[in-house]
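The values are calculated or read from the model by the stated rules, or taken from the named source; none is laboratory data. Because the structure is a prediction, the values reported are computed rather than measured. Counting neighbours? That spans all protein chains shown, and the Cβs are built from the backbone with ideal geometry, glycine included. These area figures cover heavy atoms from the full protein model, side chains too; ligands, DNA and RNA do not enter into them. Shrake-Rupley method; radii C 1.70, N 1.55, O 1.52, S 1.80 Å.
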Amino acid sequence: MKLTLTNAASFLQAEALELLEKQTVAANALLENGQGAGNDYIGWVTLPSSITNDELDDIQNTANILRNKCEVVIVAGIGGSYLGARAVNDALASAFDAYQATDRKNPYVVYAGNNIGEDYLAELMEFIDDKQFGIINISKSGTTTETALAFRLLKTVLEQKVGKEEARNRIVAITDQAKGALRSLATKEGYKTFVIPDNVGGRFSVLTPVGLLPIAVAGGDIYALVKGAQDMEKATAAEIAYAQNPACQYAAIRNALYQSGKKIEILVNFNPKLHYFSEWWKQLYGESEGKNNKGIFPAAADFSTDLHSVGQFIQQGTPILFETFLSVENVKSDRKLTKIDSSCPIKYLEGKTVEDVNLA
């Protein structure tokens, strides 16, 4: 991951960033040393390096069991219990994965328990009626209304379809290590379980079984994902100088812009497959920063689509926002626009690739 700050920095006085540099480095050290307020919930800081190969193997083996038994795997969870996994799965899958009914390499991974929409649940039941399915139920307490409601309905349908004994082999519970309604149920029924670490909040849990199991079920390479996270853990450590530390630089410039009156940050992507990455990011930043009547409001936009809806406001509306762009370095294909008829209004794009136009 590379961070480019040139455009944002041009809106700030050089002194504004210099003043924040020391504060940012100190804050990062406080975080890395496990000190300061809320230090009982910062297990995510060293989460990548604390994951063992044995743990990854256990997750992958469980995913393989579900992959072999199921055409559909339903992830029942809300907030951080599904957003991180969906962000990764949607980014890596074909945009038309949901329509590929035959010759599928991977099960459909679908999501429930993140709303109480009657029609949504009814249509989900209709979808799985003629399919072999399994459930990954994710809840620390087991009492979250949306998730508990969806899981009970799905559990009943699964048991009716394959019997209680086989249903046990198709349900995985990811929950608290020792307490809560889901832990009690999982122990009673004999479900395969994984633990949500006590010191990792839901919005940070994508690198625990909460995120890794659904990603593995969908065919994602969880070993490579964790390796990338380990690389970023090293790149943002307290001993990394400010000038080389992307986390510190990003934090400093966000705070400088906030202090200059920019109260909204828009995370912009240029690829529709990154929509749910933005949804996860909104939760991550909104829940973390929206406290004590302070914080930058996290919004998101899918470009160029949203340039034709909120683009006018973004460009010329009340100047209270700044934009962070996600740009994918290497796209999968390189489709070139060739032999455009001279009467065509986009003749001037001849010879360009679609991605050239998107970047422009």
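Return the total of residues in segment 50-67 being polar (S, T, N, Q), in a helix (DSSP H, G or I) and open to solvent by less than 70 Å² (accessible area, probe 1.4 Å).
4
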Single unsatisfied condition, Ala37 versus (1) at pLDDT below 95; (2) hydrophobic (A, V, I, L, M, F, W, C); (3) assigned to a helix (DSSP H, G or I); (4) open to solvent by 40 Å² or more (accessible area, probe 1.4 Å) | (3)
Looking at segment 1-26, which of its residues are of a type outside the set (Val, Ile, Thr), within 26 Å of the chain's Cα centre (by Cα) and buried (at least 17 other Cβ atoms within 10 Å of the Cβ)?
-> Ala8
Determine whether segment 200-207 contains at least one residue that is in contact with a Phe, Trp or Tyr (Cβ under 6 Å, 6 or more places away or on another chain) and either β-branched (Val, Ile, Thr) or surrounded by fewer than 19 Cβ atoms within 10 Å (Cβ to Cβ) (or both).
-> yes
Does Lys179 meet the test of being surrounded by fewer than 21 Cβ atoms within 10 Å (Cβ to Cβ) and either under 28 Å from Ser94 (Cβ atoms) or at pLDDT below 95 (or both)?
-> yes
Please specify each residue of segment 1-26 satisfying the condition of being touching a helix residue (DSSP H, G or I) at 6+ places or on another chain (Cβ under 7 Å), more than 15 Å from Ser260 (Cα to Cα) and among the hydrophobic types (A, V, I, L, M, F, W, C).
-> Met1, Leu3, Leu5, Val25
Just one of Ser205, Ser184 is polar (S, T, N, Q), farther than 22 Å from Lys155 by Cα and assigned to a helix (DSSP H, G or I); which is it?
-> Ser205
Among the residues of segment 219-249, which ones are open to solvent by 30 Å² or more (accessible area, probe 1.4 Å), assigned to a loop (DSSP other than H, G, I, E, B) and either in contact with a Gly (Cβ under 9 Å, 6 or more places away or on another chain) or more than 18 Å from Thr24 (Cα to Cα) (or both)?
-> Gly219, Asp221
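Among the helices (runs of 4 or more DSSP H) lying completely within segment 250-360, list those that include at least 1 residues that are in contact with a Gly (Cβ under 7 Å, 6 or more places away or on another chain) and surrounded by 14 or more Cβ atoms within 10 Å (Cβ to Cβ).
It comes to 275-289.
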Any chance Ser184 is exposed (fewer than 15 other Cβ atoms within 10 Å of the Cβ), touching a Gly at 6+ places or on another chain (Cβ under 9 Å) and under 30 Å from Lys164 (Cβ atoms) | yes
Restricting attention to segment 82-138, which residues are among the charged types (D, E, K, R) and on the phi < 0 side of the Ramachandran plot?
-> Arg86, Asp90, Asp97, Arg104, Lys105, Glu118, Asp119, Glu123, Glu126, Asp129, Asp130, Lys131
Yes/no for Ile196 being under 24 Å from Ile51 (Cα atoms) and touching a Pro at 6+ places or on another chain (Cβ under 6 Å) = no
What do you reckon, is Thr46 within 22 Å of Gly202 (Cα to Cα), among the hydroxyl-bearing types (Ser, Thr, Tyr) and either open to solvent by 60 Å² or more (accessible area, probe 1.4 Å) or not in a helix (DSSP H, G or I) (or both)?
-> yes
Which residue pairs have Cβ atoms under 6 Å apart, sit 6 or more places apart or on different chains, and have a first residue in segment 215-233 that is at negative phi and a second that is outside any helix (DSSP H, G or I)?
-> Val217/Val73; Val217/Val109; Ala218/Asn106; Ala218/Val109; Val226/Ile51
